[in-house]
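Student: The following block contains the structure, expressed as structure tokens.
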Amino acid sequence: MVGMRDKRGKIVAKFTENRIRISVRNLVEFLLRSGDIDNRRRGKKEAEAMAAGARIHRKIQGRMGGGYEAEVSLKADYEVEELVISLEGRADGIFVRDGVPVVDEIKGVYWDIWALEGPLPVHRAQAMCYACMALDGGRFDQRKEPAFVGIQLTYCHLESEEIRRFEEQLTPEEIRRYVAHLLEEYAAWGMFLYHHREQRNASIRELSFPFPYRPGQRELAVSAYRAMEQKRKLFIQAPTGIGKTMSVLFPAVMAVGEGLGDKIFYLTAKTITRTVAEEAMEILRGKGLRASSITLTAKEKLCPMTGEGRRPECNPEACSYAKGHFDRVNEAVFDYIHLEEKAGRESILSWCERYQVCPHEFSLDLSDWLDVVICDYNYVFDPNVQLKRYFADGAEGEYLFLVDEAHNLVERAREMYSAEIYKEDFLKARAFVKPYSQKLARRLSSCNKMLLEMKRESDGTLVRDSVDAFALALTGAYGEMEAFLEEFRVLDGNEDFGDFYLAVRHFLNMYERLNESYCIYTEPVNEQSFMLRLYCVSPADNLSACLSKGNSAVFFSATFLPIRYYKELLCGNEEEYAVYAPSPFDPSKRLLAAAMDVSSRYRRRNRREYEKVLDYILAAVSGKKGNYLVYFPSYSYMEAVYETALARKRPDSTEFLVQSPRMTEADREEFLAQFAREREKSLAAFCVMGGIFSEGIDLQGEQLIGVLVVGTGLPGICTEREILKNWYEKQGKDGFSYAYRYPGMNKVLQAAGRVIRTDSDEGIILLLDDRFLSGEYRRLFPREWADCHVINYEKLPSLLGDFWSNGRK
């Protein structure tokens, strides 16, 4: 089953074999959408119109008398080419006037009804469809078809309750001809999808795994397929190099062919992993797969009107692509899906330049028609960014979720579902709005006063049981902000007030989610800043709510240890399936050792310890000339060791490369380019554990022959780490492990995973901290690390000599 969507992102139609079920409203809004994109229109009026519209419907219907039949359910099937289109809907009213049956369509609106020259085409089309369905369903006189049928469009202003009606009489033939034209236009879309599905599924039946299976890879693919077949979640711990992407993407494609899902969402945390998914799709297409895919790009990176720090302005005055976008977008999408099988940033920009449509909105519409959506986590999970067309309240579909590098999702999700508000922002906003709205200024002052009282209650961080009173006051302020923004357009171009408005909205949305998985606290950020934060300790409930919109989810990572920790935080159910895949690489090509005479504990961070760490680094790079990555627990520790190296008198046999804070994309590329250069000395590249060079980089062969990890990767002590620790201890669990040890060990495993990437790679991994020898850490080692050597500095040269001389290149 597949779905089409309308301008609002609602499901337009559901397809089962050659039958399409579609509501009348969705049919006409999809085919007749027109006009501009304009984000200056606020969502509150639309929400109010829906609520007030239902009330005014009932009021008008009640005034129409006893012969007025309200809320008439209608259904009818129409054969168009090879399709059967099942129309469904509910007419607001049917009555008889002067012997002529009339279909009434009621619309509650806020705009000037007397400015209308006639009914809006989309509303007239809706009434015409209901009239046709009433004719074909025998809702009128069963004995004789009427000579004429009336349609009436009733517009009611929701504030003044003024009513204006447009009436029209047509013959049954005219009505049927009009609706037939709509269905023929719609059938062109349906026929594309019908034939595409037939071709796609036929190609899947002939598809085989594109490579010889590596050890453990077939078991991964089978497990992934079974999870999809049983509509379960699956957690996969598999080392780099086993082919995780293809191991989950291939069974997902096969599951689509068997009707176990219809759309695949491949979710990633970083751009590089999106590229890997794109390449995997190309490999499958090269083997005959006829499946389409799109990679979604953030609006800021896709908008042709941005640049020099400008944000996208999605309105017809600021953007030519927004003006008339809905007049052109259907044609642009229809042409694209008939000519292309994949969509990425460059092809989307080129197409949108040709058709003059918004690239961001076009890409979202395009995704409805394609089989695989490759995108960031945000598009599924982030409440401010998620694709409402797929994941809004009440929406669901036949979706298969593949979550790559899923260890990253824990902290990402915590941040998505947390919210904070700053006292000083209320003062800035009050000063901004005061010349325009005294009422809003008073509301903001009230909120500021409540925050000031909280600030006076404590000199430091304070965990709070409730902020209900503040949330009530903030809700009142937010309502006034909405009214203010409708009346005054001073928001346009004022980014500070716009950001404040969004922060308030997000805070209130997260307040509605508060449960035992949250912690509320206040904290002075500095002398001028005071923060109230809703901190999401466990994002499992929120993530599960998103995943429940689809059929199945596969989480996979090279560093999913301990697996129960990730099960608990990502889905809340430790009974979900899990698979551990062994490394496919020859263990003799990798040397792993942990040092017993060095530590990065805070109390031992002194010059003597820095000297010992440097001794290990120089000994390691002297074992064999080549490139080495050295990961440190912090910038300050890294700089201390680097300064120690510069001060030491030594043979100039090693080059040093040091990561700097706030590196640009060009800086990063230049840093990595150093590993591809020929050199006469060893290279020791200093990086921060958990930073931009800890994962997502692929240095194969001679580009990297060693990794040294200094410390256990423990996060720094801070308010939220301590909140995590205390929260889990109250749950009867090891709070230190949940807050510090597990996240730290994940960074260690990610760093160590940089060195062996392919079958031919050889290299060393040195763990420089005596804590790695304790049971708490050894239990977190992957199974492949059972051969870890325990060494001191004196033993290292001989161990390295034996390893590199044992037939190594």
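Student: Can you compute the FRET efficiency between GLN169 and GLU79 using 1/(1 + (r/R0)^6), with r the Cβ-Cβ distance and R0 = 35 Å? Round to the nearest 0.05.
Tutor: 0.80
Student: I'd like the distance separating the alpha-carbon centroids of segment 262-287 and segment 68-114, in whole Å.
Tutor: 44 Å
Student: Moving on to the next point. How far is helix 495-511 tilted off the main Cα axis of the chain, in degrees rounded to 10, range 0 to 90?
Tutor: Its long axis makes an angle of about 90 degrees.
Student: Next up: At a 1.4 Å probe radius, carbon and sulfur cover how many percent of the accessible area of segment 605-689?
Tutor: 48 percent
Student: Sticking with this structure for a sec: Over the chain, what is the mean sequence separation of C-alpha contacts under 8 Å (at least six apart), divided by residue count, expressed as relative contact order in percent?
Tutor: Computed over the chain, the figure is 12 percent.
Student: Next question. Of the options CYS319, ALA134, PRO172, report the single residue whose Cα projects farthest towards the positive end of the charge dipole of the chain (beta-carbon charges: Lys, Arg +1; Asp, Glu -1).
Tutor: Sorting the options by dipole projection puts first CYS319.
Student: Could you tell me the calculated FRET efficiency between MET663 and ASN606, based on Cβ-Cβ distance and R0 = 30 angstrom, to the nearest 0.05?
Tutor: Result of the calculation: an efficiency of 0.55.
Student: Suppose a student asked you for the relative contact order of segment 518-572, using Cα pairs under 8 Å spaced at least 6 residues apart; what percent would you report?
Tutor: After rounding, I find 33 percent.
Student: Count charges around SER694 for me, please; just the other residues with Cβ under 12 Å from its Cβ, Lys/Arg as +1, Asp/Glu as -1.
Tutor: Neighbourhood net charge equals +1.
Student: Separate question: Lys/Arg Cβ at +1, Asp/Glu Cβ at -1, dipole of the chain taken about the Cα centre: which of GLY498, ILE22, ALA594 is farthest positive-ward?
Tutor: ALA594
Student: Just to be sure I understand: if I project the alpha-carbon convex hull of segment 81-130 onto a plane and average over all orientations, what area do I get in nm²?
Tutor: With the hull built on Cα positions only, its mean projection is 5.7 nm².
Student: Restricting to DSSP H runs of at least four residues, report the calculated mean residue ellipticity at 222 nm for the chain, -39500 (n - 2.57) per run over all residues, nearest 500 deg cm²/dmol.
Tutor: So the helix-based figure for the chain works out to -13000 deg cm²/dmol.
Student: How big is the charge dipole of the chain about its Cα centre, in debye rounded to the nearest 20, if each Lys and Arg gets +1 on its Cβ and each Asp and Glu gets -1 on its Cβ?
Tutor: Using Cβ point charges on Lys, Arg, Asp and Glu, the chain gives about 2000 debye.
Student: Over segment 334-442, what number does the Rg to Rh ratio reach, with both radii from the alpha-carbon atoms and Rh per Kirkwood?
Tutor: With Rg and the Kirkwood Rh in hand, the quotient comes to 1.13.
Student: Also, I was wondering about something else. What list of whole percents do you get for P(r) of segment 253-300, with Cα-Cα distances grouped in 5 Å bins up to the one holding the largest distance?
Tutor: All Cα pairs, binned at 5 Å, distribute as 5, 17, 27, 24, 17, 8, 3, 0 percent.
Student: Pairs LYS299/LYS342; LYS624/LYS747; LYS423/LYS455; LYS549/LYS730; LYS244/LYS733; LYS388/LYS423: which exceed 21 Å Cα-Cα?
Tutor: LYS624/LYS747; LYS549/LYS730; LYS244/LYS733; LYS388/LYS423
Student: Report, to the nearest whole %, how much of the accessible area of segment 397-457 belongs to carbon and sulfur atoms, 1.4 Å probe, protein only.
Tutor: The nonpolar share, carbon plus sulfur, comes to 47 percent.
Student: Still on this model: Note the full-extension length gain between TYR213 and SER548 as 0.36 nm times their separation in residues minus their Cα-Cα distance, in nm to one decimal.
Tutor: 117.4 nm
Student: Scan (1) 0.97; (2) 1.07; (3) 1.03 for the value of Rg/Rh (Cα atoms, Kirkwood Rh) calculated from this model and give just the label.
Tutor: (3)
Student: If I ignore ligands, DNA and RNA and count only protein heavy atoms, how much of MET450 is accessible to a 1.4 Å probe, in Å² to the nearest 10?
Tutor: MET450 exposes around 50 Å² with every protein chain in place.
Student: Enumerate the aspartates and glutamates that LYS233 could reach by cross-link, defined here as Cα to Cα under 13 Å, with residues fewer than 8 away along the same chain left out.
Tutor: GLU568, GLU574, GLU575, GLU576
Student: Using label points projected 7 Å from each Cα along Cα→Cβ, tell me how many nm separate LYS144 and ALA54, to one decimal.
Tutor: According to this spin-label approximation, the distance is 4.2 nm.
Student: What order do VAL525, VAL24 take when sorted by accessible area (1.4 Å probe), most exposed first?
Tutor: Highest to lowest solvent-accessible surface, that is VAL525, VAL24.
Student: Another question about this same structure. Give the carbon-plus-sulfur fraction of the accessible surface of segment 277-336 in %, rounded to a whole number; probe 1.4 Å, heavy atoms of protein chains only.
Tutor: After summing per-atom areas, the C and S share lands at 47 percent.
Student: A further question on this structure: Tell me, what is the per residue accessible area of the chain in Å², probe radius 1.4 Å?
Tutor: 44 Å²
Student: Can you figure out the FRET efficiency of LYS681 with GLU415, using R₀ = 25 Å and their beta-carbon distance, to the nearest 0.05?
Tutor: 0.05
Student: From the protein chains alone at 1.4 Å, what is the descending order of accessible area for GLU643, GLU313, GLU568, largest first?
Tutor: Descending order: GLU643, GLU313, GLU568.
Student: Based on the alpha carbon coordinates of segment 539-658, what radius of gyration and maximum Cα-Cα distance (Dmax) apply, in Å?
Tutor: Computed over the Cα atoms of segment 539-658, radius of gyration and Dmax are 21.3, 63 Å.
Student: Moving on to the next point. Just report the Cα centroid separation between segment 731-789 and segment 529-554, whole Å.
Tutor: After rounding, the separation between the Cα centres reads 27 Å.
Student: What are the ³J(HN,Hα) values, in whole Hz, obtained from phi via the Karplus relation 6.51 cos²θ - 1.76 cosθ + 1.60 with θ = phi - 60°, for each residue of segment 67-72 in sequence order, with x given for Gly and Pro?
Tutor: Along segment 67-72, the couplings run x, 8, 9, 9, 6, 8 Hz.
Student: Based on DSSP, what percent of beta bridges with both residues in the chain are antiparallel, to the nearest 5?
Tutor: Close to 40 percent.
Student: Run the 1.4 Å probe and let me know the accessible area of THR664, rounded to the nearest 10 Å².
Tutor: Surface accessible to solvent at THR664 totals approximately 70 Å².
Student: I need the phi-derived Karplus couplings for segment 766-774: 6.51 cos²θ - 1.76 cosθ + 1.60, θ = phi - 60°, integer Hz, Gly and Pro marked x.
Tutor: 3J(HN,Hα) across segment 766-774, in whole Hz: 10, 9, 9, 5, 5, 5, 5, 8, 7.
Student: When the Kirkwood hydrodynamic radius is evaluated over all pairs of different C-alpha atoms of segment 471-528, what value in angstrom, to one decimal, is obtained?
Tutor: Kirkwood radius, segment 471-528: 13.3 Å.
Student: How large are Rg and Dmax for segment 441-572 when calculated on the C-alpha trace, in angstrom?
Tutor: For segment 441-572, the Cα radius of gyration and maximum Cα-Cα distance read 18.7, 54 Å.
The values are calculated or read from the model by the stated rules, or taken from the named source; none is laboratory data. What you see is a predicted model, and the numbers here were worked out from it, not measured in a lab. Positions of Cβ are backbone-derived with ideal geometry, glycine not excepted, and every protein chain shown enters the neighbour counts. The accessibility values were calculated without ligands, DNA or RNA, using every heavy atom of the protein model including side chains. Shrake-Rupley method; radii C 1.70, N 1.55, O 1.52, S 1.80 Å.
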